[in-house]
1. Give me the residue from the stretch 246-270 that is of a type in the set (Gly, Ala, Ser) and more than 22 Å from Leu107 (Cβ to Cβ) and, out of that set, surrounded by the fewest Cβ atoms within 10 Å (Cβ to Cβ).
2. Can you pull out the residues in the stretch 101-124 that are surrounded by 15 or more Cβ atoms within 10 Å (Cβ to Cβ), in contact (Cβ under 8 Å) with a residue 24 or more places away in the chain and closer than 18 Å to Ala261 by Cβ?
3. (1) at pLDDT 85 or above; (2) on the phi < 0 side of the Ramachandran plot: which one isn't true of Gly256, the others all being true?
4. Of all residues in the stretch 369-406, which are aliphatic (A, V, I, L, M), at pLDDT 80 or above and under 20 Å from the mean Cα position of the chain (by Cα)?
5. Kindly establish whether Val283 is under 14 Å from Val21 (Cβ atoms), modelled with pLDDT of 80 or more and part of a helix (DSSP H, G or I).
6. Filter the stretch 82-101 down to residues that are outside any helix (DSSP H, G or I) and of a type outside the set (A, V, I, L, M, F, W, C), then give me how many there are.
7. So which residues in the stretch 169-209 are closer than 19 Å to Ser93 by Cα and in contact with a strand residue (DSSP E or B) (Cβ under 9 Å, 6 or more places away or on another chain), if there are any at all?
Amino acid sequence: MPEKRSAGSTSATALVVANMVGTGVFISLGYQLVDFHAAPPILLLWIVGGLIALCGAYSYAEVAKALPRSGGEYHFLGTLYHPSLGFMAGLLSAVIGFAAPTTVTALALGGYLQRSFPAVPVGVTATAVILLGAASHALSARTSARVQVAATALKLSLIGAFLIAVIILPAHGDIRWQPAIADFHETFRPAFASALLFVFYAYSGWNAAVYGLEEWHEPERTVKRALVGGTVLVLILYVALNAAFLRAAPVDALRGVPEIADVAARYLFGPAAARWTSALLAVGLFSSVSALLWAGPRVLGTMGRDVRALRWFAPSHGVPIRALAFQTALALGFVWFGQLDTLVNYTQTGLTLCSALTVAGVFILKKRGLGRRLHPLPPVVFLTMTAFVIVQSLIQPSSRMAALAGLATAVCCALLWFPLHPKSR
């Protein structure tokens with residue numbers, strides 16, 4: 001049985017923040033500046049993305065209150081719709097939704113560290129970070145909570161120090177800040193929709209606290225505070241960070257560059273100091289790797305308690321050790337042998353679909369008399385924007401094949417449930 005009620009709102013919120021504040025916010029701005037040439041539409045992108053994530057957080061909190069069990073979408077969809085849909089969500093998230101982002105974040109950490117110490121190979125750093133994160137979570141749920149809180153506090157401290165430095169030190173940014181009528185028209189361009197897809201990716205992880213529901217103290221209240229509070233905090237951080245990047249460095253230096261934090265640091269502190277800034281940023285990214293290694297095994301662990309064929313992953317004490325070992329091995333395999341861009345892109349459609357089905361479950365719960373009187377606006381907004389994202393990915397030639405492959409993968413995962421004959425609870 002899980003090690004129940006071992007952590008509270010602080011740990012759960014730290015998990016949510018650490019899952020969200022990963023690589024997305026540190027790579028997106030350079031590409032957004034290719035299509036947008038003023039600060040207002042760029043900041044609006046991050047505000048809109050945060051509000052949509054907040055709508056999802058409110059809806060997930062409602063579902064979690066009615067169905068308080070670990071496993072996330074695996075448990076939610078299996079209970080609300082059919083066990084095959086829950087199995088689909090669990091398999092997608094456990095194998096790809098957590099393992100691949102773990103590797104992406106670890107490689108990004110290695111990339112920033114290599115800017116400070118060129119002799120250190122990116123792959124070696126990523127491997128060491130994944131193993132360190134797995135080891136810290138293998139001891140107990142309480143130890144996991146402490147590691148996560150400490151790592152997230154370090155990351156937020158580094159971000160806070162950077163924001164203060166941008167305010168105090170001379171700025172080199174040359175972008176236009178005054179709103180104009182042209183900015184309003186930008187929101188209706190296809191480029192705005194495309195950029196919003198990347199912002200959604202940066203906000204992914206707002207639902208992290210639902211994967212270990214049984215391990216939280218007062219889970220219904222804790223999860224709501226973590227989902228909503230964590231998302232609001234990250235929304236503020238994202239808007240402030242992007243404004244800081246735009247103020248710190250000129251547009252031409254940032255445009256098209258993925259390592260925008262390094263560019264901003266070089267203009268703020270000079271090349272020598274920027275070297276250590278990149279190293280500190282790399283250390284801060286450890287909390288994201290740690291958060292993914294905490295949440296992912298909880299899905300496989302819950303599936304192992306239900307599905308006979310996956311019984312090996314069921315936790316015997318508190319921590320799902322074998323599920324953690326599996327995700328660690330998978331992430332390490334992606335580091336050295338995976339084609340991550342293709343892998344992540346084609347699975348995003350299926351994972352987005354799982355989130356949409358979970359949010360739609362709010363209305364199912366109300367019909368069953370299990371949901372409280374949540375205003376329908378948050379789930380409606382989230383479902384509308386999710387449909388927009390999926391349709392856009394199917395329409396655009398650059399993402400059409402990946403989106404179709406993602407939907408096909410989701411269907412195959414659902415069908416796989418039937419021959420496996422899950423054990424009835």
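1. Gly270
2. Val104, Thr105, Ala106, Leu107, Ala108, Leu109, Gly110, Gly111, Tyr112, Leu113, Arg115, Ser116
3. (2)
4. Scanning the stretch 369-406 gives Val381, Leu383, Met385, Ala387, Ile390, Ala403.
5. Answer is no for this residue.
6. The number of residues fulfilling the criteria is 1.
7. Answer for the stretch 169-209, where residues must be closer than 19 Å to Ser93 by Cα and in contact with a strand residue (DSSP E or B) (Cβ under 9 Å, 6 or more places away or on another chain): just Ala209.
Yes or no, residue by residue, for (1) among the charged types (D, E, K, R); (2) in contact with a Pro (Cβ under 7 Å, 6 or more places away or on another chain); (3) within 30 Å of Gln327 (Cβ to Cβ):
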| residue | (1), (2), (3) |
| --- | --- |
| Leu154 | no, no, yes |
| Ser157 | no, no, yes |
| Phe162 | no, no, no |
| Asp174 | yes, yes, no |
| Pro190 | no, no, no |
| Ala195 | no, no, no |
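The values are calculated or read from the model by the stated rules, or taken from the named source; none is laboratory data. This structure is a prediction, so every number in the text was calculated from the model and none was measured. When we count neighbours, we look across all protein chains shown, and the Cβ atoms used for this are built from the backbone with ideal geometry, even at glycine.
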